[in-house]
Amino acid sequence: MDNFFIAGGVILLVLMLLTLYRAIIGPTAIDRLMAVNVIGTKTTVLLIIIGMLFNWVEMFVDIALAYALLNFIVTIATSRYFQHHKNLCPIGFGIRHRKEGARK
Amino acid sequence: MEMLLAKYNYWIYVTLMMIGIYAMIAKCNLMKKIIGMSIFQTAIIVFYVSIGAKKGATIPIIAHGHGVAHEAVRVADYVNPLPHVLMLTAIVVGVGTLGVALAIAMSIHEKYGSLEEDEILERQE
Amino acid sequence: MISPEQYPVLIVVTPLLSAFLINILGNMDKRFCYPATLLALAGSLAAAVGTLCRVANEGVIHYRVGGWPPPFGIEYVVDHLNALVLVVVAGVALVAAVASKRSVEEEFPHKITQFYTLFVLLTTGLLGMTITGDAFNLYVLMEIAALTNYALIAMGGNRALMASFNYVVVGTIGACFYLLGVGHLYIMTGSLNMADIMTILPSLYGTNAILVAAILMLLGAWIKMAFFPLHGWLPNAYTYAPSATSSLVAPLMTKVSVYIMIRVMFSVLGATYVFTVLPVKELIVWLATAAIVGGSLFALSQKDFKRMLTFLIVAEVGYMVGGAWLATERGITGAILHIVNDAVMTLCLFLFSAIVVYKTKGHQLSNLEGMFKKMPLTMTAFAVGALSMIGVPPTAGFFSKWYLILGGIDAGQWQFVVALLFSSLVNAVLFFRIFEIAYYEPHSDHHGHSAPVAIDEAPMSMLLPLAVVAVAIIMLGLYSGEIVTTFIQHAVPAGI
Amino acid sequence: MIWQFDLLILALGVLCALASISLKDLLSAAIVFGAYSFLMCLLWTEMGAVDVAFTEAAVGAGVSTVFFLAAVYHTNRAVKPRRRGRLLHKLVGLVTAACIGLLLLSATADFPTWADPNSPASVYLSPFYITETIPQTAVPNIVTAVLADFRGFDTMFETSVIFVAGLAVLAILGSYGRRQRDYEPSPTGQDAAHQSSIVQTACRVFVPFMQLFALYVVAHGHHSPGGGFQGGVILGASFILVAISYDLRVMQRRLRERLAMLFAGLGVLIYAGIGALCLVLGANFLDYSILHTILPATSPIMARSHGMLGVEIGVAFTVMAIMVIIYVNVASHGKSDRGL
């Protein structure tokens, strides 16, 4: 049974890597936000899986619950940010700097 | 594989620490310096928590309750709790420093209209 | 009532508890803050003096916080070294607090409550750093002192903000290096108690990890005390800090960091390790020499009075670090005596600069013109501090410098001796230039006859502390023999 | 410890750290830094440090990223591309980082292997804590026992650090103590009435559960991961959630800044006061066992357990209040009128 959970966890982590690609490269901040939110959800699941591997899941539920409760605060905060500053994707804001002249 | 794993954690903490130090020294933007500072602090936490890890041990909460028979506690069953305690303190200190650093950075921005170190120094003259 | 057994913890707990009370009271009425602060610091000083007397009579005192035995719980250790430093810290803080009233009301009338709460907490942090016998507890208190310090400096506004931000970054690096060093010791020995680590360490002297731990802890302390190549953050931070802040921070922060370095050298790593296993003794004395010369030269080139004093601090740090690393009995005695003397001397100079700022709204050298006529008493007190910085005999500064020079001769480190003499010479030039500006130059009158200047002394709450400090400098000088034989002699590790 | 997870999480963490310091957009950097903190939380859980992980979960997800966002909101979002003259800085940074890195790596050769049960750290002090916790304090969570009792003195100062941080933010940014400024309506008309009603309704339903959970975390810290600090952060985060989903003023009607500061001072006073009470009763500072003389029907061991609960409550008070104070000041740039 442990091997099953380990395999599941490893798969989730590899998927997290793919999500991280979007979080790092993602052209707009919304892409990054979505990606990080997905990472947060995966974290919640992984916490429970780790709990299963320690054979004592009730001690890990609290942490997972805290994530479930708090994870979206950042999302709402970022949405508030965009409500005030309506520029989702200013040009030239990637990890690479293209088109600097196009900025205001 | 075991050889690679034996010190893997320590190598990674050194890497994180180097990233943090580099950001604190080389980055011009004050926010980036603050992010570097946070990474630096987490690197230390990684180091300490790695000290506390113990093979084949479970989390440092002693099994108890109605279903569990009371027997002598075996030391090998529980990871070392002391580094965890120390690092709880370090996380708290980290949040405190973060708040103060952000507050100072915001005052600087209000005063000089910029977060770039060289621009601020230019405007101070 | 509370027995003398409990004095060690009262030194720290009195200001800690009062800080929160001050904050709550201050929110009701600001006028409570100042007397409550004085009361708290006086209580702490009383406990410190009580502890000092006990140490003089009974020797080293151990105190178990929470009642747990040492390697498991946190232990307070008061020996001959830190009993002395504790009294100095509490005393300097009290005097600085007395003098702060006017400048605080002038510079930030809206933030009196926050200022005094942070002030008392900073003192708590410094006292706690001094008294603790636990390596990790020291880190936590270091962070309390550092965070309050950042805030107190940033309250100066304008240029103080950037100085404070740099201090945050550098200070965090310093504290984290110290924490990492403790981590290295912990992973190798499994203990956090200083005395305990020292007993375990000899079997591990050869390992790289202990070497790295030593380097990291010393680096952390050096960053915090602004030792020469790492001093970049200090001049701006102390120059632009509000004057009430700088008269607390400048005398104490660097001195307590020097104390920590000495504590790490002799009570954690052990004198044998530091002086015989580590191959860096000579190098550090050279660095200290560079600090003294560099600090003096920079001080000479300043037009800003307060900034000049900050570079003098850099030079003085060089004195103490060099003295401690001379590895001779008289050198270490000189270094420890200089911690005490320098705290009081620096306090004198910064109290004077607070008066200058209060009276003339600036801290350029030109602000000092005609001071002797306007404030004869203030200038006399300042002159005592200045003479002590130069090292003129009856004052305290002479005696510690004397021990340092003798230590340098004992160790055969002639460059250090020359640097000390050079720095005294530079200090003489600096301070006599100030006397000249303050005495001879007429008050902006170019027609050869100066108008009669009315005596315009500093307010009593600033003048009185300054006078007390000036008297203290002379008393410390007169009684330095007693201080050395009663306390410092026992603090120097045996077998050097 | 589960090495497969360890390896992957650490690798991901390094990626996140690199990305968050190299992104040119500070908002994105802050978001990616949030992901970094998720990964760190996982890492610590996987190594068995559940309390540390819980703290990181509460802090990383609840407050620190929000602080970053609020600070970015009031300053610049863009990192200016460097025109000239940063090469020296980069070089110095690289050289310093490399020196420190090599120094630290050279020390790792002497370390015991990772997770070695016979390392000095595992055999010297920790067995005492593990075996003596139940007999001496009757608290199953060893971390709580060490935190609040064996090394309770550290924790008192840790709480003071938080208090200092809040006070420092107030002193640097705050208008606190001055007359509260008049409420300036937002130029874009974005205030409480213009918020999405979905978000508002969801939060209104949500916040009581969150606070209940926070209280549970504080109270149940003796038996499961959690305690005053984690619970306090979650409580603080619930107020921050109100402030974000409605408006700063709506939140301040529930918890005024003045009241929050009072709570913060009170929390540390509870902690230090319990310590001082032990002193007055004749034991050493923070020696809770003496409390059995005033608590009815307790033995010295249970008195320790109750004493710890008392200090945890104090910690929760302070942390909750200070998190709110830092958020209010950072999000409104010290004006306490409207937030993010």
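Which number gives the lysine pairs in region C:280-496 that have C-alpha atoms under 30 Å apart and are eight or more places apart or on different chains?
Close lysine pairs under the 30 Å cut-off: 15.
State the Cα centre-to-centre distance between region C:357-371 and region A:32-54 in whole Å.
62
What's the buried accessible area, both sides, between A and B using a 1.4 Å probe, rounded to 100 Å²?
Counting protein atoms only, the buried area is about 400 Å².
How charged is the neighbourhood of D:Val315? Take every other residue with its Cβ under 15 Å from the Cβ of D:Val315, and add Lys/Arg as +1 and Asp/Glu as -1.
Working: positive: D:Arg151; negative: D:Asp51, D:Asp149, D:Asp154, D:Glu158, D:Glu312.
Overall, the nearby charge balance is -4.
Leaving ligands, DNA and RNA out of it, report the carbon-plus-sulfur percent of the accessible area of the protein assembly as shown at a 1.4 Å probe. Spell out each step's value before the answer.
Numbers: 22180 of 33600 Å².
Reported share for carbon and sulfur atoms: 66 percent.
Order of D:307-318, D:138-149, D:251-262, C:401-412 by packing, highest average Cβ count within 10 Å first?
Working: D:307-318: 25.6, D:138-149: 27.4, D:251-262: 18.0, C:401-412: 20.6.
Those peptides, ordered most packed to least, come out D:138-149, D:307-318, C:401-412, D:251-262.
Counting only other chains, and only Cβ atoms inside 10 Å, what mean value do you get across the residues of C:109-122? Each step should come with its number before you reach the end.
On the way: counts 2, 7, 7, 1, 6, 9, 2, 0, 7, 5, 0, 0, 6, 1.
So the per-residue partner count for this stretch is 4.
Give me Rg over Rh for region B:2-124, both radii from the alpha carbons and Rh done the Kirkwood way, two decimal places. Mind showing how you got there, number by number?
On the way: Rg = 20.9 Å, Rh = 17.5 Å.
Across region B:2-124, the Cα-based Rg/Rh ratio is 1.19.
Apply 1/(1 + (r/R0)^6) to the Cβ-Cβ distance of C:Tyr479 and C:Met28, taking R0 = 30 Å, and write down the FRET efficiency to the nearest 0.05. Working shown, then result.
Details: r = 44 Å, r/R0 = 1.45.
It comes to 0.10.
Could you pull out every residue, at least 5 positions away or on a different chain, whose amide H is within less than 5 Å of the one on B:Tyr78? Hs are placed 1.01 Å off N in the peptide plane, and Pro or chain starts have none.
Those lying under 5 Å, H to H, from B:Tyr78 are B:Thr58.
Accessible area per residue, 1.4 Å probe, Å², for chain D: what's the number? Don't skip to the answer; put the middle values down first.
Numbers: 10170 Å² over 340 residues.
That works out to 30 Å² per residue.
Order the peptides D:51-58, D:29-36 from the highest to the lowest mean number of other Cβ atoms within 10 Å of their residues. Walk me through the numbers on the way to the answer.
Numbers: D:51-58: 30.8, D:29-36: 28.1.
The packing order, highest mean first, is D:51-58, D:29-36.
Show which aspartates and glutamates lie in cross-link reach of D:Lys335 when reach means a straight Cα distance below 15 angstrom and same-chain residues fewer than eight apart are skipped.
Qualifying aspartates and glutamates at Cα under 15 Å: B:Glu110, D:Asp182, D:Glu184, D:Asp247, D:Glu257.
Probe radius 1.4 Å, ligands and nucleic acids left out: can you give me the accessible area buried at the B-D interface, summed over both chains, in Å² to the nearest hundred?
Values: alone 9270 and 19180 Å², together 20230 Å².
Using a 1.4 Å probe on protein heavy atoms, the buried area is about 8200 Å².
Note down the magnitude of the dipole of region B:2-124 about its Cα centre, charges +1 on Lys and Arg C-beta and -1 on Asp and Glu C-beta and zero elsewhere, to the nearest 20 debye. Working shown, then result.
Details: 9 positive and 9 negative charges, 60 e Å.
With only Lys, Arg, Asp and Glu charged at Cβ, the dipole is about 280 debye.
Distance between the C-alpha centers of region D:13-87 and region B:108-123? Whole Å please.
Cα centroid of region D:13-87 versus Cα centroid of region B:108-123: 23 Å apart.
Can you find, among D:Thr298, D:Val92, D:Leu235, the residue farthest towards the positive end of the dipole of chain D? Put +1 on the C-beta of Lys and Arg, -1 on that of Asp and Glu.
Selected residue: D:Val92.
For region C:137-195, what value does the Rg/Rh ratio take when both radii are computed over Cα atoms and Rh is the Kirkwood radius, given to two decimals?
Details: Rg = 14.5 Å, Rh = 12.7 Å.
Checking Rg against Rh, the ratio lands at 1.15.
Across region D:98-115, in residue order, what do the Karplus-derived ³J(HN,Hα) couplings come to in whole Hz, using 6.51 cos²θ - 1.76 cosθ + 1.60 with θ = phi - 60° and x for Gly and Pro?
5, 4, 4, x, 5, 4, 5, 5, 5, 6, 5, 4, 8, 5, x, 4, 4, 6
When the C-alpha atoms of chain D are aligned to their principal axes, what extent does each axis show, in angstrom, from largest down?
Projected onto its principal axes, the Cα set of chain D covers 63, 53, 35 Å.
Need one value for C:17-25: mean number of C-beta atoms belonging to other chains within 10 Å of its residues' C-beta atoms. All intermediate terms of the calculation are to be shown ahead of the outcome.
Values: counts 6, 0, 8, 13, 2, 1, 9, 6, 1.
Partner Cβ neighbours, averaged per residue: 5.
Roll a 1.4 Å probe over the protein chains and send me the accessible area per residue for region C:132-180 in Å².
Value for region C:132-180: 10 Å² per residue.
Quick one: among D:Phe285, D:Phe206, D:Phe128, which has the greatest mean-square fluctuation in a GNM of chain D with alpha-carbon springs under 10 angstrom?
It is D:Phe128.
Select from B:His64, B:Pro83, B:Thr97 the residue farthest towards the positive end of the dipole of region B:2-124; place +1 on Cβ of Lys and Arg, -1 on Cβ of Asp and Glu, and compute about the Cα centre.
Projecting each Cα onto the dipole axis, the largest value belongs to B:His64.
Based solely on C-alpha atoms, express the radius of gyration and the Dmax of region C:280-496 in angstrom.
Cα-based Rg and Dmax for region C:280-496 come out at 18.4, 67 Å.
Which values, in whole Å and largest first, are the semi-axes of the equivalent ellipsoid of the protein assembly as shown obtained as the square root of 5 times each eigenvalue of the Cα gyration tensor? Mind dumping the intermediate values first?
Numbers: eigenvalues 396, 232, 162 Å².
Square roots of five times the eigenvalues give 44, 34, 28 Å.
Can you list residues whose amide H is under 5 Å from B:Lys27's amide H, if they're 5+ apart or on another chain and H is modeled 1.01 Å from N?
Long-range HN contacts for B:Lys27: none found.
Determine the shielding of peptide A:25-37 by partner chains: average, over its residues, the number of Cβ atoms on other chains within 10 angstrom of each Cβ.
Details: counts 1, 3, 1, 2, 7, 1, 2, 11, 4, 1, 3, 11, 3.
Mean number of neighbouring Cβ atoms from other chains: 4.
Using a Gaussian network model of chain D with C-alpha springs under 10 Å, which one of D:Ala321, D:Ala107, D:Ala264 is most mobile by mean-square fluctuation?
It is D:Ala107.
Could you compute the FRET efficiency for D:Thr113 and C:Leu300, with r as their C-beta to C-beta distance and R0 at 60 Å, rounded to 0.05?
Numbers: r = 55 Å, r/R0 = 0.92.
It comes to 0.60.
Please report the net charge: other residues with Cβ closer than 13 Å to the Cβ of C:Gly73, K and R +1, D and E -1.
Numbers: positive: C:Arg64, D:Arg151, D:Arg304; negative: C:Glu75, C:Asp134, C:Asp196, D:Glu132, D:Asp149, D:Asp154, D:Asp287.
Spelling it out: positives minus negatives among the neighbours equals -4.
Rounded to whole Å, give me the distance from the Cα center of region C:70-142 to that of region C:145-162.
A separation of 17 Å, based on Cα centres.
Report the net charge of residues surrounding C:Thr148, where surrounding means a beta-carbon distance below 15 angstrom and charges are Lys +1, Arg +1, Asp -1, Glu -1.
Neighbourhood net charge equals 0.
Just how large is the dipole of chain D about the Cα centre, in debye to the nearest 20, putting +1 at every Lys and Arg Cβ and -1 at every Asp and Glu Cβ?
Values: 21 positive and 19 negative charges, 355 e Å.
Roughly 1700 debye, rounded to the nearest 20.
Of the options C:Gly407, C:Phe177, C:Ala146, report the single residue whose Cα projects farthest towards the positive end of the charge dipole of chain C (beta-carbon charges: Lys, Arg +1; Asp, Glu -1).
Checked the options; the winner is C:Ala146.
With +1 on each Lys and Arg Cβ and -1 on each Asp and Glu Cβ, and nothing else charged, work out how big the dipole of the protein assembly as shown is about its Cα centre, in Debye to the nearest 20.
Details: 62 positive and 58 negative charges, 619 e Å.
Computed charge dipole of the protein assembly as shown: roughly 2980 debye.
The values are calculated or read from the model by the stated rules, or taken from the named source; none is laboratory data. All of these numbers come straight from a predicted model, not from anything done at the bench. Note that we place each Cβ from the backbone using ideal geometry, even for glycine, and neighbour counts take in every protein chain shown. We work out accessible area using only protein heavy atoms, side chains counted, and drop any ligands, DNA or RNA first. Shrake-Rupley method; radii C 1.70, N 1.55, O 1.52, S 1.80 Å.
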